[in-house]
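Novice: Below are the structure tokens for one structure; questions will follow.
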Amino acid sequence: MDWISSPFGVGVFAVLILTWLIAVIVYYVRAFEESTWLGLLIFFFPPAGLYFLIRHWRRALGPWCVAVVSGGVAALLAVSLVNNNGIGSNGRGGTKGLGVKGELAHARMQMMNVEESIARQQAEIQTEYERLIEQRAALDEKDSAVVEAFNAATRRYEANRAELAQEREKLVAMQVRVERLMKEEAELAPTVVMYTTSRCPACRMAKQWCQDNGVPYQERDIERSRQAYNEYQARGAGGVPLIVINGKVSRGFNRFWMQEQLGR
């Protein structure tokens with residue numbers, strides 16, 4: 001139902017809300033026409049409108065039906081509109097709407113939980129294996145009850161190993177997902193291009209700020225590269241560092257501007 005998020009869908013929703021509002025107003029007006037006290041009662045205590053509907057159904061039924069139908073359909077469209085815009089699950093663990101960065105953080109947290117679970121299971125299985133070795137060495141094969149208990153413990157051990165193998169497969173799938181999200185995040189990350197010179201203190205400050213905050217950047221020394229100098233001139237020159245983030249230009253180092261452009 002992608003049409004709900006389209007201008008047409010939003011228009012339909014607006015018409016339904018307007019229809020509902022008009023129907024409610026008509027309902028109140030007719031109630032006031034019957035009795036001022038009845039109208040005031042319904043206005044301050046809406047459930048009293050049922051009395052008006054039952055007592056004067058010929059006048060009240062029309063606007064009441066229109067209000068119920070338009071309001072109900074509008075409510076359904078509102079729920080669908082919210083879901084289409086990312087509040088709720090998207091079939092990938094309920095992370096739609098978080099964005100790539102939020103989804104990556106969520107995936108990393110899940111992977112860390114699985115890694116901890118695997119480490120715990122490995123320790124338990126190792127302990128279980130050592131216990132089985134000791135039981136096997138002391139096993140009295142003539143005692144059927146002891147043999148059955150040993151076989152049951154062996155089956156549990158094998159079941160736990162199978163569960164551990166499944167957890168490892170899950171971890172591999174999560175690692176693939178994290179790598180994919182990291183690649184998407186890198187592709188979506190703002191492109192920072194910095195035109196500099198080796199003698200510029202502000203350039204060194206800008207580069208140090210990027211390094212301290214984990215911001216990748218492309219440095220282009222206008223004194224060492226003719227192409228970099230031509231690009232610098234084409235962007236209006238005006239001093240260094242000339243910093244370009246997703247097409248927006250800053251002349252000089254302004255960390256507040258960079259934070260704003262980088263969404264930090």
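Novice: With respect to ALA31, is the statement that it is over 41 Å from the mean Cα position of the chain (by Cα), in contact (Cβ under 8 Å) with a residue 24 or more places away in the chain, part of a helix (DSSP H, G or I) and surrounded by 13 or more Cβ atoms within 10 Å (Cβ to Cβ) true?
Specialist: yes
Novice: Output the residues belonging to the range 212-264 that are hydroxyl-bearing (Ser, Thr, Tyr) and assigned to a loop (DSSP other than H, G, I, E, B).
Specialist: TYR217, SER225
Novice: Can you spot a residue in the range 228-239 that is surrounded by 18 or more Cβ atoms within 10 Å (Cβ to Cβ) and touching a Cys at 6+ places or on another chain (Cβ under 8 Å)?
Specialist: Looking through the range 228-239, none of the residues is surrounded by 18 or more Cβ atoms within 10 Å (Cβ to Cβ) and touching a Cys at 6+ places or on another chain (Cβ under 8 Å).
Novice: Sticking with this structure for a sec: Quick one: is ALA165 small (Gly, Ala, Ser), part of a helix (DSSP H, G or I) and either in the same structural domain as LYS248 (by TED's automatic domain parsing) or over 21 Å from GLU103 (Cα atoms) (or both)?
Specialist: Criteria met by ALA165.
Novice: Identify the residue in the range 43-60 that is under 45 Å from the mean Cα position of the chain (by Cα) and closer than 20 Å to GLY72 by Cβ and, among all such residues, is surrounded by the fewest Cβ atoms within 10 Å (Cβ to Cβ).
Specialist: If we filter the range 43-60 for residues that are under 45 Å from the mean Cα position of the chain (by Cα), which is where we start, we get 43-50.
Applying the additional criterion that residues be closer than 20 Å to GLY72 by Cβ yields 46-47, 49-50.
Details: PRO46: 12, PRO47: 8, GLY49: 20, LEU50: 12.
Ranking the qualifying residues of the range 43-60, first place goes to PRO47.
Novice: I've got another one for you. Output the qualifying pairs, or none if there are none: Cβ atoms under 7 angstrom, residues six or more apart or on different chains, first residue in the range 204-229 and over 16 Å from VAL240 (Cβ atoms), second residue among the acidic types (Asp, Glu) and part of a loop (DSSP other than H, G, I, E, B).
Specialist: From the range 204-229, no pairs qualify.
Novice: In the range 219-244, which residues are under 37 Å from the mean Cα position of the chain (by Cα) and at pLDDT below 90?
Specialist: ARG235, the sole residue that qualifies.
Novice: Go through (1) in a helix (DSSP H, G or I); (2) assigned by TED's automatic domain parsing to the domain that holds ILE243; (3) out of contact with any strand residue (DSSP E or B) (no Cβ under 7 Å at 6 or more places or on another chain) and name the single condition ALA206 misses.
Specialist: Result: ALA206 passes all but (3).
Novice: Something else now. Name the single residue that is surrounded by the fewest Cβ atoms within 10 Å (Cβ to Cβ) among those in the range 168-216 being modelled with pLDDT of 90 or more and of a type in the set (Ser, Thr, Tyr).
Specialist: Taking the candidates together, the pick is SER198.
Novice: Something else about it: Mind checking which pairs have a first residue in the range 148-167 that is surrounded by 12 or more Cβ atoms within 10 Å (Cβ to Cβ) and a second that is not in a helix (DSSP H, G or I), Cβ under 9 Å, 6 or more apart or different chains?
Specialist: What qualifies is PHE150/LEU139.
The values are calculated or read from the model by the stated rules, or taken from the named source; none is laboratory data. Only a predicted model underlies this, so the values are computations on that prediction, with no experimental measurement involved. Every residue, glycine as well, gets a Cβ built from its backbone with ideal geometry; the counts of neighbours run over all protein chains shown.
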